[in-house]
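Below is one structure, written out as structure tokens; comments come after it.
The values are calculated or read from the model by the stated rules, or taken from the named source; none is laboratory data. No experiment lies behind these values; they were computed from the predicted model shown. In this analysis, Cβ positions are derived from the backbone assuming ideal geometry, glycine residues included, and neighbour counts consider all displayed protein chains. Each accessible area value is taken on the protein alone, full model and side chains, heavy atoms only, with ligands, DNA and RNA left out. Shrake-Rupley method; radii C 1.70, N 1.55, O 1.52, S 1.80 Å.
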Amino acid sequence: MKRQEQLYEGKAKIIYATEDPDLVIQYFKDDATAFDGIKKGTIVDKGVINNHVSTKIFQYLEEKGVATHYVERLNDREMLVKSLEIIPVEVVFRNVAAGSLCKRLGIEEAKLLDPPIQEFFLKDDPLHDPMINESHIKTFEWATEKEVAFLKTSGSKVNQLLTEFFKERGIRLVDFKLEYGRHKGEVLLGDEISPDGCRLWDWETGEKMDKDRFRFNLGSVEEKYQEVYNLVCGEG
Ligand code: TMP
Ligand code: ASP
């Protein structure tokens with residue numbers, strides 16, 4: 001499947017058309033942004049790592065019965081996916097306190113969250129992805145009530161599956177963001193699942209292995225992405 005015209009360029013990926021209107025190619029860039037595009041940089045080979053890591057995770061989720069947009073990985077930086085009408089709602093799950101939760105509510109970082117916390121954010125950079133609730137989603141028609149119910153149950157299942165997946169590889173899944181979209185009357189899990197959109201801590205040492213290293217200039221950014229790649233995509 002060859003790529004045709006560019007349909008959209010996001011912060012970390014470019015979407016290209018293919019000869020099949022139901023399929024698009026997502027091309028993974030090395031560009032990294034944080035704080036809604038305010039901080040910009042490059043993480044060398046991030047695109048390759050995130051494409052491979054996402055592939056492994058989408059295949060695992062599909063095996064476990066989660067419908068995703070994944071079709072196949074074409075090469076190091078390109079993934080063939082089903083075209084989606086993106087639902088503009090980011091679905092976040094948190095198992096351990098970190099990031100904006102700590103800032104917003106004064107919660108101590110690393111506190112275990114039981115049961116996990118589920119939040120919705122509006123996918124809108126100029127507005128800095130504000131937090132929203134089901135009432136906003138319903139009134140502004142960002143998704144139907146049925147879709148919202150699906151986002152919650154599907155997201156919760158993905159959280160359980162990914163928590164187990166990463167734990168088996170010595171990684172604690174602290175929190176993550178999911179995006180969903182509509183394809184031929186079905187809601188599918190879209191975007192990517194990688195250290196860009198998940199907080200991943202070493203299970204033993206608590207060391208951060210995700211985009212927080214870039215966000216907060218913690219150093220060893222490439223090394224930690226590579227470590228996640230090795231743990232997720234390595235043999236065994
Ligand atoms: P937060 O603590 O900044 O709200 O982020 C929660 C999780 O969601 C974290 O794993 C990073 C991810 N995330 C994104 O991938 N993109 C975003 O735009 C935001 C706000 C969060
Ligand atoms: N994804 C958002 C950005 O690129 C927020 C973040 O990851 O910090 O700015």
**OP:** State all residues of the range 204-231 that are basic (Lys, Arg) and open to solvent by 30 Å² or more (accessible area, probe 1.4 Å); if no residue qualifies, say none.
**Re:** 208, 215
**OP:** Output the qualifying pairs, or none if there are none: Cβ atoms under 7 angstrom, residues six or more apart or on different chains, first residue in the range 1-23 and among the polar types (S, T, N, Q), second residue in a strand (DSSP E or B) and open to solvent by less than 50 Å² (accessible area, probe 1.4 Å).
**Re:** 4/16; 4/17; 6/14; 6/16; 18/24; 18/25
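Take the range 78-94 and flag every residue that is away from ligand 2 (no atom under 16 Å from the Cβ) and either more than 15 Å from residue 141 (Cα to Cα) or open to solvent by 20 Å² or more (accessible area, probe 1.4 Å) (or both).
To start, the set of residues in the range 78-94 that are away from ligand 2 (no atom under 16 Å from the Cβ) comprises 78-85, 87.
Residues satisfying the conditions are 78, 79, 80, 81, 82, 83, 84, 85.
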**OP:** Answer yes or no: is there a residue in the range 135-153 that is surrounded by 14 or more Cβ atoms within 10 Å (Cβ to Cβ), within 16 Å of ligand 2 (Cβ to nearest atom), within 19 Å of residue 87 (Cα to Cα) and at pLDDT 95 or above.
**Re:** no
**OP:** Being of a type in the set (Asp, Glu) and within 15 Å of ligand 2 (Cβ to nearest atom) is the filter here, so list the residues in the range 4-34 that pass it.
**Re:** 9, 30, 31
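Just to be sure, is residue 36 at pLDDT below 95, not small (Gly, Ala, Ser) and not in a strand (DSSP E or B)?
Numbers: at pLDDT below 95: yes; not small (Gly, Ala, Ser): yes; not in a strand (DSSP E or B): yes.
Yes; evaluated as a whole, the condition is true for this residue.
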Original post:
Out of (1) within 26 Å of residue 201 (Cα to Cα); (2) more than 14 Å from ligand 1 (Cβ to nearest atom), what's the single condition that is false for residue 74?
Top reply: (1)
**OP:** Mind counting the residues in the range 167-226 that are under 30 Å from residue 23 (Cα atoms), part of a loop (DSSP other than H, G, I, E, B), out of contact with any Pro (no Cβ under 7 Å at 6 or more places or on another chain) and within 14 Å of ligand 1 (Cβ to nearest atom)?
**Re:** 9
Subject >> Residue that is farthest from residue 166 (Cα to Cα) [pool: residues in the range 35-61 that are more than 16 Å from ligand 2 (Cβ to nearest atom), touching a residue at least 24 places away in the same chain (Cβ under 8 Å) and open to solvent by 50 Å² or more (accessible area, probe 1.4 Å)] >> reply: 44
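Determine whether residue 108 is open to solvent by 60 Å² or more (accessible area, probe 1.4 Å), in a loop (DSSP other than H, G, I, E, B) and more than 16 Å from ligand 2 (Cβ to nearest atom). Break it down into steps so the answer makes sense when it comes.
Numbers: open to solvent by 60 Å² or more (accessible area, probe 1.4 Å): yes; in a loop (DSSP other than H, G, I, E, B): yes; more than 16 Å from ligand 2 (Cβ to nearest atom): yes.
For residue 108, the condition - open to solvent by 60 Å² or more (accessible area, probe 1.4 Å), in a loop (DSSP other than H, G, I, E, B) and more than 16 Å from ligand 2 (Cβ to nearest atom) - is met.
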Original post:
Quick one: residue 234 ticks every box in (1) closer than 18 Å to residue 58 by Cα; (2) away from ligand 1 (no atom under 16 Å from the Cβ); (3) open to solvent by 40 Å² or more (accessible area, probe 1.4 Å) bar one, so which box is it?
Top reply: (3)
